[in-house]
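Q: Encoded as structure tokens, here's the structure I'll be asking about.
None of the figures in this text is laboratory data; all of them are computed from the coordinates on show. As the structure is a computational prediction, the values presented were derived from the model and not from experiment. Neighbour counts are summed over all protein chains in view; Cβ atoms, including those assigned to glycine, are modelled from backbone coordinates with ideal geometry.
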There are 4 protein chains.
Amino acid sequence: MPRLKIGAIGYGYWGPNLIRNFIELPETELYGVADLDQARLNTVQERYPQVQLFTKDYRGFFERGLDAVVVATPPHTHHRIVRECLENGLHVLVEKPLTLTSSDALDLVQTAERHGRVLMVGHTFEYNPAVRALKQMIDSGELGEIQYIDAVRVSLGLFNAHLNVIWDLAPHDISILLHLLGTMPESVAAQGTSCVQDGVEDVAYVTLRFPNNVLAHMRLSWLDPSKIRRITVVGSKKMVIYDDVENQEKIKVYDKGVTAIRHTDTFGEFNFAYHYGDIVSPYIRFEEPLRVECKHFVECILEHKRPLTDGYNGLRVVEILEAAQKSLRNGGGLHAYTPTVHRNGHHPLVFQPA
Amino acid sequence: MPRLKIGAIGYGYWGPNLIRNFIELPETELYGVADLDQARLNTVQERYPQVQLFTKDYRGFFERGLDAVVVATPPHTHHRIVRECLENGLHVLVEKPLTLTSSDALDLVQTAERHGRVLMVGHTFEYNPAVRALKQMIDSGELGEIQYIDAVRVSLGLFNAHLNVIWDLAPHDISILLHLLGTMPESVAAQGTSCVQDGVEDVAYVTLRFPNNVLAHMRLSWLDPSKIRRITVVGSKKMVIYDDVENQEKIKVYDKGVTAIRHTDTFGEFNFAYHYGDIVSPYIRFEEPLRVECKHFVECILEHKRPLTDGYNGLRVVEILEAAQKSLRNGGGLHAYTPTVHRNGHHPLVFQPA
Amino acid sequence: MPRLKIGAIGYGYWGPNLIRNFIELPETELYGVADLDQARLNTVQERYPQVQLFTKDYRGFFERGLDAVVVATPPHTHHRIVRECLENGLHVLVEKPLTLTSSDALDLVQTAERHGRVLMVGHTFEYNPAVRALKQMIDSGELGEIQYIDAVRVSLGLFNAHLNVIWDLAPHDISILLHLLGTMPESVAAQGTSCVQDGVEDVAYVTLRFPNNVLAHMRLSWLDPSKIRRITVVGSKKMVIYDDVENQEKIKVYDKGVTAIRHTDTFGEFNFAYHYGDIVSPYIRFEEPLRVECKHFVECILEHKRPLTDGYNGLRVVEILEAAQKSLRNGGGLHAYTPTVHRNGHHPLVFQPA
Amino acid sequence: MPRLKIGAIGYGYWGPNLIRNFIELPETELYGVADLDQARLNTVQERYPQVQLFTKDYRGFFERGLDAVVVATPPHTHHRIVRECLENGLHVLVEKPLTLTSSDALDLVQTAERHGRVLMVGHTFEYNPAVRALKQMIDSGELGEIQYIDAVRVSLGLFNAHLNVIWDLAPHDISILLHLLGTMPESVAAQGTSCVQDGVEDVAYVTLRFPNNVLAHMRLSWLDPSKIRRITVVGSKKMVIYDDVENQEKIKVYDKGVTAIRHTDTFGEFNFAYHYGDIVSPYIRFEEPLRVECKHFVECILEHKRPLTDGYNGLRVVEILEAAQKSLRNGGGLHAYTPTVHRNGHHPLVFQPA
């Protein structure tokens, strides 16, 4: 079987990881790399002399019989580049966030459908074995009813001159939260501050309220001395910490909690029953999440399947980012989430089987 | 010199710690303990046979020539008990929070002033050597300008059937924040959820906005699998983590950060200059904070001094708790902080030298 | 029922902990404390005004109708004091090491038997709930066959001017090892060095070889920047780390290991089969080990039972310390362990049911 | 300037890392790879289609005008392969251990000298920035006189069917110790046990005694549930922990210790003065140690320099491994180290400037 011919657009921070994977996958041939910066292309050539270079213009890809492209350019260019690639018949894997507005995101979703192409967003964490194990635990009922989720993603990070920390870091946690809970939030609130650059928040706190009284909270910072990537899921039966910085124990399940028990003899008074049990760190076979993602992209192309992180998935994340941005500008109160798009007459937030 | 005669009211969760300290201090004699529960008083008698027991009624203290009382009863009883003790001429050390309303707190402040008695609130962390070291670092300018502070105080904690987690845990972090920054916040916002008992939040997130664009955020939970007590202070020069759960390295100073540098040749564009330096954990001589607090109470009585954590200090904390409670009930938007009380014609929030 | 009258000899480093426990136990009355140092006795009086003080001479105890004494004096005094107490009809709990020679230890064992008194050694770790949980795991076969045990006990510790680090720290690990394995080692080897004081080793490494090819190794140091108290037990099925410095996860069971599989087709060649499974930290209800120990002492007196850590137990530990000391002086080679004493005609090293 | 033509022999566990580095270095061209296993060579071809493949026989390299080879084959093949490459005029970088006997190691040293070729051993840790920082601290006197060094290198590791854990893991720690102390040990003692395969120790403890009463101890295991790579250096002024598993704080300097002070008024009695100061983790700019090593090899070839880890360095490590092996076979006593080789009439253990 001939290998899929892949082109890569953008060889900045994340591009090299994508390219390495498509070079190593047996089903794909990395045909060429496009970037505005000649120095970066020189690096490509040294490492991979077999790859074609396209300086300045990725449009050279359109006449070479490619099957697909992977786009890892700055987010404000996503809409334009991805649209053009889809219209030229290419399947597209694009980095997060899909776009900077939900209307642009919807436009890409519709363009992909019109041209019958795969549109996939690089929400890597949904391909992370630890996140998958966590999802299974929740779905199996082992944790009981989910009560709240706390997510922390901070470090002394790479500052972005234009996009704030919510647009940069929150896509990861939002895609994880939607994946775990399988539903959209009803409202979003955000607080933040700009320490280093006026007008570009580098520290933010975002609260999401989901149906069934489930609260989620994200702490996001480019300005923190330690690197923390930690999600705490509290259920009525058990609690879980997923710590992505840990090597051996990424997930720990704590069999502990508390229950309020109404006294029978007094009106409205409670006792609290605590339980403390074992802590279990299940063995999770590691596979590089990006590799799983790239293989999934290939599989969706070859088998005409809808990706787990398809355009709607990307759209949902962008809608929440927009709502957070609005709350941030308005003092941080809760903004009821108003979905702007629909899919096949259904509310896009009702997750459907692919 | 005769020793101060001290009475203790309340031998529940915290009372035993206070009592142990006043028994060990050479300047004080723990005369008696009052509690509603006879079983608790029996425990006192076994350990300290020399101490008098007062079942049901602490008013027995008023005719025994005591100098002072320490009050560790449930918060809703503070106003009544403390007021009565002050009016009977006793100096009072009372656990946090001082009261449940700022008007009650102000009443206690004024009662203490009227009777010329010491009123001190048990904001223990202001007597913690690590907090003091952190305060000195900030005041010395070593950290540069403070940009934001993140505080986390979570564990599988003791649930309270009536007071929510903000009233229970936030007094610690609020007193630390006011101590470190030396000023009141301009606005307060809070989000929370009730997982175990309807109507009593067990998880909450509180944002404080201080003058000079300094943001502080508190994460508070009784429902978390790990015990975290961690404050991150980010300054323009250095960053600090104060981890109260650590034994040997409670404070770590990170000489790292980032600066935005305006390009000279392009309009409005920035470069980011990162610096990375040593991490230093200064040696801090440990002394039990509660012991420092108890000694300070004795010293204030003997030398007619105003305590570091005086009634005004307690009042300021209660005012912020009230503002957080209002925001919590109103969807979590920012509430401009409106001070309800004044001291000697001055805004109480302007901290004054004692 | 009248309470047991207890006397305490020695109020230095460890004595206060013993005394606090016997004051809190309902079955005992701490009658008096003897110490050579008047300042220490003053501290006793301040905390426990009900307790009698015996300056200089513990022999005052002998005419006061005491039931038992707890001895926490320097090790070189143990033999003389314990012997005298036993001869005066008192039950004795003595700190580790029981004595400085195995002949002295045997003498105490025999004296206790002659006078029908309980002789118990304060090997606290055998009363530690984590050690007990570990013992149960081993005995249940969950770990498979024990292959080796590594023990580390280091910190910047209290130096002793006369006894080296083996005599000071190893009693803990030796008593744990004998308890876990239920047998004596066949040989002992020790290496060490004296960094601070000539002739008194402050750093040592001790190897014990047990039957069935089980090796145990101890790393002991008073001169280490971190405090480590960690025992690794490697079995053919699972591995365990017992970390006594941890709060929440003192014991972790790792379901992982490796097996050598002989190739069927080649002569003498092996494949290695690795398995990786969950990590489980079982919930262990904490109870202060010293409190468990003190209660056990009381129970043995009241019910005429032989203590878990009886004189023979103390003797076995002293014999291994002696063997380690000999190896240390002779270049660290293995010394076949030669038992010097017997019990009822049986080899003392064969553990017998009490 | 033309690039150095490099050949690689062995594409097993470590080979791929070497090859990646020589492909990325601008001064070198990775000409070809030789391996016995065709499947491995296929992997090379997929990743690096520009590289020539040599199945079965690396002797094909000898007629292609190569400058140098890197050898990452099993240790028992090192002597034969390296010798043949040196005799064919190639510079050689070979993985550790250099050989399995000191006489073979000496033979390679002499062969390299005879042919005027660079012979370098891949003792990577000597090129590790953290080890270099530690070496500088020691040499500067900041730590005072070195008193002892404890090294731990354990994990559930890759078992070797023929070489024991000392030959596999100890070369790292021995090369670090010799580098840090700048001298050879006077004696070596080793204890070990074989848990998984009869006759091949998978757990071992090695003691080295250096001049000036400096003791070093290594704990080595393929059979441990956690991965530990930790070296503790205790000096008379300060102590250091180098933890290679840590990301951000690989080196921590503890300004603490203890001094014995002789009483002036009593004969032979000591007081102990403890000091406790800051803990500092110096910033160390990370560079992949293997990359530093590969660049050093290139530089030594181009500038006719003697490598830091030259053949003598490799020989010294092999001599200590041999001594450890002898002690292991003889019950673990100390073996006075008897150097078997000399260099230019000088004792090879006296380190000389290159």
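Q: Label-to-label distances across copies for A:THR183, with labels 7 Å out along Cα→Cβ, in nm, shortest first?
A: The answer, with the shortest distance listed first, is 4.3, 6.0, 7.3 nm.
Q: To the nearest 20 debye, what charge dipole does the stretch A:127-287 have about its Cα centre, counting +1 at the Cβ of each Lys and Arg and -1 at the Cβ of each Asp and Glu?
A: That gives the stretch A:127-287 a dipole magnitude of about 280 debye.
Q: Same structure again: Any idea what the C:ALA260 label distances to the other copies are, label 7 Å down the Cα→Cβ vector, nm, shortest first?
A: Counterpart label points of C:ALA260 in the remaining copies fall at 4.4, 6.1, 6.4 nm.
Q: Still on this structure, I have one more. Per-residue HN-Hα couplings for the stretch D:54-68, Karplus 6.51 cos²θ - 1.76 cosθ + 1.60 at θ = phi - 60°, whole Hz, x for Gly and Pro?
A: 10, 7, 6, 10, 6, 5, x, 4, 5, 10, 10, x, 6, 9, 7
Q: Here is a follow-up. Who wins for biggest fluctuation among B:ASN247, B:ASN88, B:ASN17 in a Gaussian network model of chain B, springs between alpha carbons below 10 Å?
A: With Cα springs under 10 Å in chain B, the top fluctuation among B:ASN247, B:ASN88, B:ASN17 is at B:ASN247.
Q: Oh, and also: Using Cα springs under 10 Å in a Gaussian network model of chain B, which residue among B:PRO26, B:PRO185, B:PRO75 shows the largest mean-square fluctuation?
A: B:PRO26
Q: Please give the calculated 222 nm ellipticity per residue for chain C, where each DSSP H segment of at least 4 residues contributes -39500 (n - 2.57) and the sum is spread over every residue; nearest 500 deg cm²/dmol?
A: Calculated from helices alone, the mean residue ellipticity at 222 nm is -9500 deg cm²/dmol.
Q: Moving on to the next point. Which residues among the stretch A:18-38 fall inside the zone where the amide N is under 16 Å from a point 7 Å beyond the Cα of A:GLU299, along Cα→Cβ?
A: So the set is A:25-28.
Q: Work out the mean other chain Cβ neighbour count within 10 Å for the residues of B:190-202 and drop it here as an integer.
A: Taking all residues of B:190-202 together, the mean is 5.
Q: Over the whole of D:221-229, what's the average partner chain Cβ count within 10 Å per residue? Rounded to a whole number, please.
A: 5
Q: Give me the distance in nm between label points sitting 7 Å out from Cα along the Cα-to-Cβ direction at B:GLU142 and B:ASN212, one decimal.
A: A separation of 1.8 nm, rounded to one decimal place.
Q: Right, next: Which listed residue (D:ALA68, D:LEU18, D:VAL33) has the Cα farthest towards the positive end of the charge dipole for the stretch D:1-149, taking +1 on Lys and Arg C-beta and -1 on Asp and Glu C-beta about the Cα centre?
A: D:VAL33
Q: Say a site is exposed when it is one of the trypsin sites (Lys or Arg not before Pro), sits in a DSSP loop, and has at most 13 other Cβ atoms within 10 Å; what is then the longest site-free stretch of chain B?
A: Maximal segment without exposed cleavage sites: B:65-284.
Q: Dipole size in debye (nearest 20) for chain D around its Cα centre, Lys and Arg Cβ +1, Asp and Glu Cβ -1?
A: The dipole magnitude comes to about 220 debye.
Q: For Cα pairs less than 8 Å apart in space and 6+ apart in sequence, what is the mean separation divided by the residue count of the stretch A:62-149, i.e. the relative contact order in percent?
A: That works out to 24 percent.
Q: For peptide D:238-250, compute the average count of partner chain beta-carbon atoms within 10 Å of each residue's beta-carbon.
A: Counting Cβ atoms of other protein chains within 10 Å of each residue's Cβ and averaging gives 2.
Q: Picking from D:VAL131, D:THR193, D:MET218, whose Cα lies most toward the positive end of the charge dipole for the stretch D:126-287 (charges on Cβ: Lys, Arg +1; Asp, Glu -1)?
A: It is D:VAL131, whose Cα lies furthest towards the positive end.
Q: Let's test the formula: R0 of 45 Å, r as the Cβ-Cβ distance of C:ASN17 and D:GLN38. What FRET efficiency results, to the nearest 0.05?
A: E(calc), rounded to 0.05, equals 0.05.
Q: How much length is gained on full extension from B:ARG262 to B:ARG132, taking 0.36 nm per residue of separation minus their Cα-Cα distance?
A: 43.1 nm
Q: Can you compute the FRET efficiency between C:ASN330 and B:GLN248 using 1/(1 + (r/R0)^6), with r the Cβ-Cβ distance and R0 = 41 Å? Round to the nearest 0.05.
A: 0.60
Q: Scan chain C for the residue whose Cβ is closest to the axis carrying it onto chain A, then write down that distance in whole angstrom.
A: C:VAL280, 3
Q: Using a Förster distance of 22 angstrom, determine the FRET efficiency expected from the C-beta separation of D:LYS56 and C:PHE272, and round it to 0.05.
A: It comes out at approximately 0.25.
Q: Test of understanding: in a Gaussian network model of chain C with alpha carbons linked when under 10 Å, which of C:VAL82, C:VAL258, C:VAL165 would top the mean-square fluctuation ranking?
A: Top of the fluctuation ranking is C:VAL258.
Q: Mind listing the long-range amide H neighbours of A:GLN147? Cut-off is under 5 Å, sequence gap 5 or more, other chains count too, H placed in the peptide plane at 1.01 Å from N.
A: Those lying under 5 Å, H to H, from A:GLN147 are A:VAL234, A:GLY235, A:SER236.
Q: What are the ³J(HN,Hα) couplings of the stretch C:158-163, residue after residue, when phi is run through the Karplus curve with 6.51, -1.76, 1.60 and θ = phi - 60°? Round to Hz, x for glycine and proline.
A: 3J(HN,Hα) across the stretch C:158-163, in whole Hz: 6, 6, 10, 6, 10, 9.
Q: While we're on this one: Greater than 22 Å separation of Cα atoms is the criterion. Which listed pairs, A:LYS250/D:LYS96; C:LYS256/D:LYS96; B:LYS96/C:LYS250; A:LYS135/A:LYS326; A:LYS227/A:LYS252; B:LYS238/D:LYS252, meet it?
A: A:LYS250/D:LYS96; C:LYS256/D:LYS96; B:LYS96/C:LYS250; A:LYS135/A:LYS326
Q: About the Cα centre of the stretch B:1-134, what is the dipole size in debye to 20, counting +1 per Lys and Arg Cβ and -1 per Asp and Glu Cβ, all else neutral?
A: Roughly 80 debye, rounded to the nearest 20.
Q: Shortest first, in nm, what separates the label point of B:GLY12 from those of the same position in the other copies (7 Å along Cα→Cβ)?
A: 4.4, 5.6, 6.8
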